[in-house]
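The values are calculated or read from the model by the stated rules, or taken from the named source; none is laboratory data. Nothing here was measured: the structure is a model prediction, and the numbers come from that model. Glycine also receives a Cβ, built like all others from the backbone with ideal geometry; neighbour counts cover every protein chain displayed.
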Amino acid sequence: MDLKNEFVRIVTENVHREGIYDLLAWLEFTDFYTAPASTRYHGSFEGGLVQHSLNVYSQLKKLCKWYKCEASEESIAVVSLFHDLCKIGCYKTQMRWRKDKNNRWEQYPTYGYEEDFAYGGHGSKSVFLVQSFIKLTPEEASAINCHMGQWDATTYSNPATVYERNLLAWLLHVADEAADYLMEKKEESNGL
């Protein structure tokens, strides 16, 4: 099953909120299913963003079971699958120069960061975009807002305080890191 179909299947099986089909329809008109997850750090390939979102979902389900988090299947799907909507329309293909193995200059395609829609911080932008379509619970909104931890310098609320009060928020942060550093680095080193 391709990544887009897997993503849509998980959403439609688990998320039953008003506006969810409008959100899925909007995603069709964006680069969500083809965008990379980053310029060069993880998932820096076509489709990397949807792959990363699915990896975070997989990790969060395991962590919630392990830590006995009482979050619903719906909340797990919402926060993991939509936590990085802020990356839609941000990565543009650029040509750069490098020396090849024969020490000659060559151009190669890479990704650069150039937002179509600038809106504050990483987490807050994702919360804004999700809530443009579906209502989030306070726990879900704070989890998405603080999923970057200290990496998002624009997070006004101290993530540590949020994590102490909201297990789902901390687990989303850990799942995001696990997807980045364990799953995706391993996939990239295996040529996937």
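When you look at Lys4, is it crowded, with 18+ Cβ neighbours inside 10 Å, more than 22 Å from Glu139 (Cβ to Cβ), out of contact with any Cys (no Cβ under 8 Å at 6 or more places or on another chain) and without any contact (Cβ under 8 Å) to a residue 60 or more places away in the chain, yes or no? Against the criterion (crowded, with 18+ Cβ neighbours inside 10 Å, more than 22 Å from Glu139 (Cβ to Cβ), out of contact with any Cys (no Cβ under 8 Å at 6 or more places or on another chain) and without any contact (Cβ under 8 Å) to a residue 60 or more places away in the chain), Lys4 does not qualify.
Yes/no per residue for (1) in contact with a Phe, Trp or Tyr (Cβ under 7 Å, 6 or more places away or on another chain); (2) crowded, with 22+ Cβ neighbours inside 10 Å; (3) under 13 Å from Phe32 (Cα atoms):
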| position | (1), (2), (3) |
| --- | --- |
| Gly48 | no, yes, yes |
| Ser72 | no, no, no |
| Ser75 | no, yes, no |
| Phe82 | no, yes, yes |
| Leu85 | no, yes, yes |
| Gly89 | yes, no, yes |
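Among the residues of the stretch 108-136, just one is without any contact (Cβ under 8 Å) to a residue 24 or more places away in the chain, surrounded by fewer than 14 Cβ atoms within 10 Å (Cβ to Cβ) and among the aromatic types (Phe, Trp, Tyr), namely Tyr108. Residues in the stretch 22-39 include none that are among the hydroxyl-bearing types (Ser, Thr, Tyr) and in a helix (DSSP H, G or I).
Take Ala35 and tell me if it is touching a residue at least 60 places away in the same chain (Cβ under 8 Å) and closer than 28 Å to Asp2 by Cβ. Spell out the reasoning first.
On the way: touching a residue at least 60 places away in the same chain (Cβ under 8 Å): no; closer than 28 Å to Asp2 by Cβ: yes.
No: the conditions fail for Ala35.
Just wondering, is there one or more residues in the stretch 65-88 that are over 27 Å from Leu24 (Cα atoms), free of Cβ contacts under 8 Å to residues at least 24 places away in the same chain and either assigned to a strand (DSSP E or B) or of a type outside the set (D, E, K, R) (or both)? Yes, the conditions are met somewhere in the stretch 65-88.
For Val127, the conditions (1) under 15 Å from Val78 (Cβ atoms); (2) over 19 Å from the mean Cα position of the chain (by Cα) all hold with the exception of (2). For the stretch 95-106, give me each residue that is surrounded by 10 or more Cβ atoms within 10 Å (Cβ to Cβ) and either acidic (Asp, Glu) or under 22 Å from the mean Cα position of the chain (by Cα) (or both). Across the stretch 95-106, the qualifying residue is only Glu106.
Please give the helices (runs of 4 or more DSSP H) falling wholly within the stretch 89-192 in which 1 or more residues are modelled with pLDDT under 90.
Details: elements: 122-131, 138-145, 159-165, 167-178, 185-189.
Because the criterion is at least 1 residues that are modelled with pLDDT under 90, the helices (runs of 4 or more DSSP H) in the stretch 89-192 that meet it are 122-131, 159-165, 185-189.
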